[in-house]
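Asker: A single structure is presented below for examination.
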Amino acid sequence: MKKIYKLLGVAILISSATINAQSAGTLTFKLGEVAHASTYSGSKRVLAVWIEQNTTGTTWTFVKTLCAYGKGTPSNHIPTWKTASASNTTGVASTSTLSWSSGLQTLNWDGKNVAGALVADGNYRVAVEECWDHGGSAVAYFPFTKGASADTQTPTNVNFTGLNLAWAPTLASDTFSKGPEAVVYPIPSKGIFNIDMKSDVKNIQVVDINGKVIYNEVMEEATSSSTKKVDLSLFNDGIYFINVSDVNNISSYKVVLEK
């Protein structure tokens, strides 16, 4: 007998675990620096850029360093980065100081932490720290939302120029074949979606465009060669993602609700 747990518009803990969407994508962050008088070899400064996640309340947790110019001894002049990251420069090749003529910096983040794992959707920020002499430094934070929707911003700051922040989720295809095979129809639908499962499926999950899980069904035993109906008629029109997974992998199907 199958044991089924459903989440539909309300938050339910399943086996005391919280379900978090994990949208793949790329963050592109661009910045230039406003020149300051420098005591570091006449025209040098150090710069660090990293990603932090809003975990609880006002608490932000280090995720990954994007660049760390001057990560050796000069890192003492960028103490905010040094403390937040514990000097972690995993995947970062930059080592030397920068000159004011270096121009616009373009940095990318793949949505993963230093261990290479895709992090949960939610509130994040780009942290920037710069130091141009022993008495001159600046720290700035630029928050954004990581999720299934794009987030594009052009913030301003007195110490930085050319700022552009763009989170772009990976939605290159309606179907991402990573796990169990299924056929989802009709598209669009007025509310009822049929899922013809062609291989073993342990879990069916529906996520909205903002990365929120609105439906979750877990089977005690894997199910294949059957059809499952999912009713989304109580939700607003728009794009949703139906995820079907087995023990190890997941396939995602983009659907449209149009009542």
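The values are calculated or read from the model by the stated rules, or taken from the named source; none is laboratory data. The shown structure was predicted, so the numbers you read here are calculated from the model rather than taken from an experiment. As a convention, Cβ positions derive from the backbone with ideal geometry for all residues, glycine included, and neighbour counts pool all protein chains shown. When the accessible area is computed, the model is the full protein with side chains, heavy atoms only, and any ligands, DNA or RNA have been set aside. Shrake-Rupley method; radii C 1.70, N 1.55, O 1.52, S 1.80 Å.
Asker: Output ³J(HN,Hα) for segment 227-238: one whole-Hz value per residue in order, computed from phi by the Karplus curve 6.51 cos²θ - 1.76 cosθ + 1.60 with θ = phi - 60°, and x for Gly and Pro.
Answerer: 10, 10, 9, 10, 9, 10, 5, 7, 9, 6, 4, x
Asker: Across segment 110-259, how many lysine pairs, 8 or more positions apart or on different chains, have C-alpha atoms separated by under 17 Å? Please give the number.
Answerer: 17
Asker: So what are the ³J(HN,Hα) numbers for segment 29-35, from phi and the Karplus equation (6.51, -1.76, 1.60; θ = phi - 60°), rounded to whole Hz, Gly and Pro as x?
Answerer: 3J(HN,Hα) across segment 29-35, in whole Hz: 10, 10, 7, x, 10, 6, 5.
Asker: Continuing with this model, one more query. Amide H of Thr97 versus every other amide H placed in the peptide plane: which residues, excluding those fewer than 5 positions away on the same chain, fall under 5 Å?
Answerer: Result for Thr97 returns Gly70.
Asker: Sticking with this structure for a sec: Can you tell me the dipole magnitude for segment 70-208 around its Cα centre, using point charges on the Cβ only (Lys, Arg +1; Asp, Glu -1), in Debye to the nearest 20?
Answerer: Here segment 70-208 has a charge dipole of around 180 debye.
Asker: Still on this model: If amide hydrogens are placed 1.01 Å from N in the peptide plane, which non-local residues have theirs closer than 5 Å to the one on Thr161?
Answerer: Correct list: Gly32, Glu33, Val34.
Asker: First compute the accessible area of segment 21-172 with a 1.4 Å probe, then give the percent of it belonging to carbon and sulfur atoms.
Answerer: The C+S portion of the solvent-accessible surface of segment 21-172 is 50 percent.
Asker: Now for a different question. Please give the per residue accessible area of segment 87-186, computed with a probe of 1.4 Å over protein heavy atoms only, in Å².
Answerer: On a per-residue basis, segment 87-186 sits at 48 Å².
Asker: What residues have an amide H closer than 5 Å to that of Asp246, excluding those fewer than 5 places away on the same chain, when H is modeled at 1.01 Å from N in the peptide plane?
Answerer: HN-HN under 5 Å from Asp246: Lys202.
Asker: Still on this structure, I have one more. Can you order the peptides 185-195, 25-35 by their average number of other Cβ atoms within 10 Å per residue, highest first?
Answerer: Final packing ranking: 25-35, 185-195.
Asker: Which of the trypsin sites (Lys or Arg not before Pro) across segment 56-103 are loop residues per DSSP, with 15 or fewer other Cβ within 10 Å?
Answerer: Here no loop site has a sparse enough neighbourhood.
Asker: Using the basic label-point model (7 angstrom from Cα toward the beta carbon), what is the Val34 to Asn123 distance in nanometres?
Answerer: 2.7
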